[in-house]
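Comments concern the structure below.
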Amino acid sequence: MAGEYKELYEGWKRDPEGFWGKAAETIDWYKPADKVFDEDAGVYGRWFAGAECNTCYNAVDRHVEAGRGDQDAIIYDSPITGTKARYSYSDVKKQVEGLAAVLLDQGVEKGDRVIIYMPMIPQASFAMLACARIGAIHSVVFGGFAANELATRLNDAKPKAIVSSSCGIEPNRTIAYKPLLDEAIELATHKPSALIIFQRDQLSCDLTEERDVDYARAVDAVIAEGRSVPCVPVAATDPLYILYTSGTTGQPKGVVRDNGGHLVALNWSMQYLYDIKPGEVFWAASDVGWVVGHSYIVYAPMIYGATTVLFEGKPVGTPDAGTFWRVINEYNVAALFTAPTAFRAIKKEDPKGEFIAKYDLSCLRTLFLAGERADPDTVQWAEDMLKVPVIDHWWQTETGWAIAANPVGVELLPVVHGSPTVAMPGYDVQIVGADGHPVPANEMGNIVIKLPMAPGNLPGLWQNDERFRTSYLDEFPGYYQTGDAGYMDENGYLYIMSRTDDIINVAGHRLSTGAMEEVLSAHPDVAECAVIGIADKLKGQLPAGFVVLKTGVDRAPIDIEKELIGLVREKIGPVAAFKIAVAVDRLPKTRSGKILRGTMRAIADHEDYRMPATIDDPAILDEIEHALREHGI
Ligand code: COA
Ligand code: AMP
C-alpha cells in the first residue's frame, strides 16, 4: 500500500485528538472546545465538548460573508416536473432566514423538534437549514413511508411543527401528502401544533385555518418585511437532527447527530475522501430522507462551500436512462455519488451505454457508490462506461459518513472489486468472532469498531441510551457492533458481506424484516410468518413473506396473500417493495423451534444448501420450494 493514506491513518491512530482538533480549524466556532474529546461525557465520550457553533452558519452565512454569496449553492433539477432552478448562497440565506422566522412565529424554539416530510425540492433543504439556524432539531421522514410510520416518529420525536408539501411525485403517480399527514396526526398520540405546507403546482391541498400555514406565503411575507434571523449558538454536542432508521422491530431507531462532530467530519470528508474543491459541483443522487441525502445532498457540500445538485427524478424513466449523464454534463458535476442499484437500473435499460456516448462527461472525475454492497459486475460496467475510478464506500445511518472508503483526496489506492477499501481515520475497524476475539485475515466475522466512534457518528439514540447500549455496545464490550458481517484481508481491505440481524437492503433502502413480520402477524388469518430478503438482480434484495394460515381459514390463500401485500404497503409504505407473499402449510424450524430463515433464503435464491442437522422435519423444505415455484420464484 502506498504512503499517504497509511501515514494519515497511522497519524490519526497515534493522536486522534490532535487529528480532529486540526480538522476542526476549518470550522467556524463561537467558542472553541474545552476538550477535543471528553471521555467522561455521554455514553462513550463526546467530541468537541464545551464548543459552541451553528451548522447553518457554517453551511450558508460564512460563505456569503466570505464574498461567495453569488456562487451556486443548490442546483435543483427535476425531470419529473420539468423544472430547473439555481439558488446562490445568498438566495439560500434569504430563504432559510424566511422559513426560520416562520418557525419561530409558530413557537419553535432551540431544542424543539420539527418533522420534515418533503419530496426532493429545495424547500426540503431550506427546512433542514432553517431548523439548524434556530437550534431546533429536525427529523426528516422519507416520502415513501406510510402514515403509520410517520405516526411512530411523531410519537417518539414529539415535534412542535411539521414542515411538508402538498404532494410528492413518482413516475406513475402523484402522492397527496395532506391526507397522509392528517391520518398520521390522527393516529399519533402526540399532536404537533403547526403544519407548514409548501403548495406545489402539480397538486395543492386545503389548509386547516387554525393549524396550517402556507409555506410560501408566510416566507414571502417575512422576506418582504426584511426580517433577519440570526444563527443561534448551540453546544457542539447538542443534537442537529434525529434520523429514524430500521431496527429489528417495528419501532425504528432514532439516530441522533450532533452539531460539532458532524461539521468537522463532513468538511474533512469533502476534501480528503471525495477530493472536491470549494466551488465545484457535487451530486449525491439519493433522497433527503436518507442519511446519504442528509450528509451529501444538504450538509457536507454546503459546509464545504461546494455546489450541490438536488435531483428530483429516477435513474431511468425520467425520461430515460440518459438522465444522469445529462445532469453531469449540464452542471459540470465533478463527482457523482449514488447507490449501485441506480447503476443496475441504467445498465438494464442501456447495457451498451448508448446514452453515455451522447454526452460530454469529461468533467466527471469519480463515481462513488454506497448504500448496499457494490457487486463487482456493476462496478466493472461503470468503470468500462465512464472511464473514471469507481469507488465503493461503506457506511450507515448511525455513522453519518464513511467508515471505509478509498480516500481519493489523499491518494487513490488500488481499487479491488467487492471491497469498499480501507478504514477511514476515526475508525479502528476489527473483525471478531462470536466470542469477541479477533479472527485472522480473510476469515468472516462480526465487523466492529473500537470505541470511541469518530466525530459525526451517533452519540446515542433519541432519549434512549438503554437501547443504544443494548443494540450496539453490549455484545462486544468496548466496541460498536455494526450489524454487518465480513472480513478483512492482509492489506486491510474490508469486505462487507451480509447483515448479522434481520435488516435487508432493498434498492439501497434499509428495511426491517421484523417490522414486516409485525404487520403480517397482525392479519386475523395469519398464525405465524417469516419475512426474508431474497436476491434480486435490480434491487439487490426483495422482501418475501411466508405465512402459515390459521386452522379453519377457508378463504383462498391467494386472496389473503394480496391482502397482506396491501397491508404492508399501507402500514409501512410503498418503499418496503413488499410484493411477494407465499402461504405455506408449515415453516421449517429447528427442533428448538427456531425458523430456518437462512435455509429458506438459500432455497429462494436457488443456492446449494446443507440440510441443517437440527431441522425438525426436512420434508418442509420441499414444501417451501414447491410453494415458491408456484409463485414463479
Ligand atoms: N415517495 C413515495 N413513494 C416512493 C418514494 C417517495 N419518495 N420513493 C419510492 N417510492 C415508491 C416507488 O414509487 C415504488 O412504488 P411502486 O411499488 O408503486 O412502484 C416503491 O416505493 C418502491 O420504490 P423503489 O424500491 O425505489 O423502486 P422503483 O422501482 O421506484 O425504482 C430504482 C427503482 C432502482 C430506480 C430506485 O430505487 C433508485 O433510483 N434507487 C437509487 C438508490 C437510492 O436512491 N438509494 C438511497 C440510498 S443511497
Ligand atoms: P443505511 O443505514 O440505510 O445507510 O444502511 C446501512 C447498511 O447498508 C450497512 O450496515 C450495510 O449493511 C449496507 N451498506 C451500506 N453501504 C454498503 C457498502 N458499500 N457495501 C456493503 N454494504 C453496504
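Where a number appears in this text, it was derived from the coordinates with a stated rule and is not lab data. None of the values given here were measured: they were computed from a predicted structure. FYI the Cβ positions are ideal-geometry reconstructions off the backbone, even for glycines, and counts take in every protein chain you see.
Some observations on this one:
- The antiparallel fraction among DSSP beta bridges confined to the chain stands at about 60%.
- Taking every alpha-carbon pair under 8 Å whose residues sit at least 6 apart, the chain reaches a relative contact order of 12 percent.
- Percentage relative contact order, the range 212-319, counting C-alpha pairs under 8 Å, at least six apart: 18 percent
- Helical runs (DSSP H, four residues minimum) scored at -39500 (n - 2.57) apiece and divided by the length of the chain put the mean residue ellipticity at 222 nm at -8500 deg cm²/dmol.
- Neighbour-count order for Ser362, Ser498, fewest beta carbons within 10 angstrom listed first: Ser362, Ser498
- Loop-located GluC sites (Glu not before Pro) in the range 166-224 (DSSP state other than H, G, I, E, B) with a sparse environment of at most 13 neighbouring Cβ atoms within 10 Å: Glu209, Glu210.
- DSSP beta bridge pairing in the range 503-630, given as percent antiparallel to the nearest 5: 75 percent
- Computed from label points 7 Å out along Cα-Cβ, the spacing between Ser521 and Met611 is 3.0 nm.
- Least to most buried among Leu564, Leu203, Leu549, Leu243 (fewest other Cβ within 10 Å first): Leu203, Leu549, Leu564, Leu243
- Between the range 156-205 and the range 367-429, the alpha-carbon centres lie 36 Å apart.
- As computed over the chain, the Cα convex hull volume per residue (Å³): 156 Å³
- Relative contact order of the range 89-232, defined on C-alpha pairs under 8 angstrom at six or more residues apart (%): 29 percent
- Sorted fewest first by neighbouring Cβ atoms within 10 angstrom, Tyr76, Tyr87 come out as Tyr76, Tyr87.
- Kirkwood estimate for the range 503-630, i.e. one over the average of 1/r between Cα atoms, Å: 14.9 Å
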